[in-house]
1. From the residues in region 79-95 that are out of contact with any helix residue (DSSP H, G or I) (no Cβ under 7 Å at 6 or more places or on another chain) and assigned to a helix (DSSP H, G or I), which one is surrounded by the most Cβ atoms within 10 Å (Cβ to Cβ)?
2. Which residues, taken from region 142-173, are open to solvent by 50 Å² or more (accessible area, probe 1.4 Å), part of a helix (DSSP H, G or I) and under 21 Å from Y91 (Cβ atoms)?
3. Quick check on region 1-30: of everything there that is modelled with pLDDT of 90 or more and open to solvent by 70 Å² or more (accessible area, probe 1.4 Å), which residue is nearest to I110 (Cα to Cα)?
4. Can you find a residue that is among the small types (G, A, S), within 25 Å of R37 (Cβ to Cβ), outside any strand (DSSP E or B) and in contact with a helix residue (DSSP H, G or I) (Cβ under 9 Å, 6 or more places away or on another chain) anywhere in region 119-137?
5. Report, ordered by the first and then the second residue, all pairs with beta carbons closer than 6 Å, sequence separation of six or more or different chains, a first member in region 90-118 that is of a type in the set (D, E), and a second member that is open to solvent by 10 Å² or more (accessible area, probe 1.4 Å).
6. Considering only residues of region 96-113 that are in a helix (DSSP H, G or I) and open to solvent by less than 20 Å² (accessible area, probe 1.4 Å), which is farthest from Y130 (Cα to Cα)?
7. Given the criteria modelled with pLDDT under 95, surrounded by 18 or more Cβ atoms within 10 Å (Cβ to Cβ), closer than 17 Å to I21 by Cβ and of a type outside the set (D, E, K, R), does G118 qualify?
8. Give the residues of region 121-141 that are open to solvent by 50 Å² or more (accessible area, probe 1.4 Å) and aliphatic (A, V, I, L, M), sorted by residue number.
Amino acid sequence: DGAAQPAAEGGDGEVLKIGAITSLSGALQDYGECYQRGFLLGLEYMTQGTNVVAGRPIEVIWEDTTNTPDVAKERTLKLLEQDKVEMVTGYASSGDAVACLPLFEEYETICVVEPAAGDAIIDQANWNEYIFRTGRTSGQDALAMVAVLKQAHPDGNASIACFAPDTTYGYGMVD
């Protein structure tokens, strides 16, 4: 918890602190670890290996949500209050993300949510100008299946059963 990628050498500006929070343990650990690897590879590619952007060395501070919304909220607050990050990215669990959304409006801090896919992350009740998504939602997954069925059965004689987990992500698939 709180493991930081050291700030890069070579930038002469103030360190750009990015909070990265995801499930690095628990049921969604595989998603979290893949996100962590992908994020770091993307950062390396984007900065051509320098980890410096606009003259500012980048420091990434990682937190583990443990797949528990209360823990996610506590660790997001740590990133915002103690670590003073300028933006946050992550959340493998939609429930973790939804629990933290109001904090970004309160602290006026950008959050890029990925890979959590629950529709509730960007629905009307939770929307705020500081939240951005980079991927699809679980509802879009379900709508894609409906489109396939309509194409395969233009007469409308088809039905679908959707088994979904009892989670924020699952509700987006069946609502």
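The values are calculated or read from the model by the stated rules, or taken from the named source; none is laboratory data. If you're wondering where the values come from, they're calculated on a predicted model, not measured in any experiment. Here the Cβ is made from the backbone with ideal geometry for all residues, glycine too, and neighbour counts use every protein chain on show. With ligands, DNA and RNA removed, areas are computed over all heavy atoms of the protein, side chains included. Shrake-Rupley method; radii C 1.70, N 1.55, O 1.52, S 1.80 Å.
1. So, considering only residues that are out of contact with any helix residue (DSSP H, G or I) (no Cβ under 7 Å at 6 or more places or on another chain) and assigned to a helix (DSSP H, G or I), the one surrounded by the most Cβ atoms within 10 Å (Cβ to Cβ) is L79.
2. Residues satisfying the conditions are Y169, Y171.
3. E14
4. No, there is no match, as no residue in region 119-137 is among the small types (G, A, S), within 25 Å of R37 (Cβ to Cβ), outside any strand (DSSP E or B) and in contact with a helix residue (DSSP H, G or I) (Cβ under 9 Å, 6 or more places away or on another chain).
5. D96/P69; E105/Y130; E114/T134; E114/G135
6. Only one residue fits best here, namely D96.
7. Yes, satisfied.
8. Hits for region 121-141 are I122, A125.
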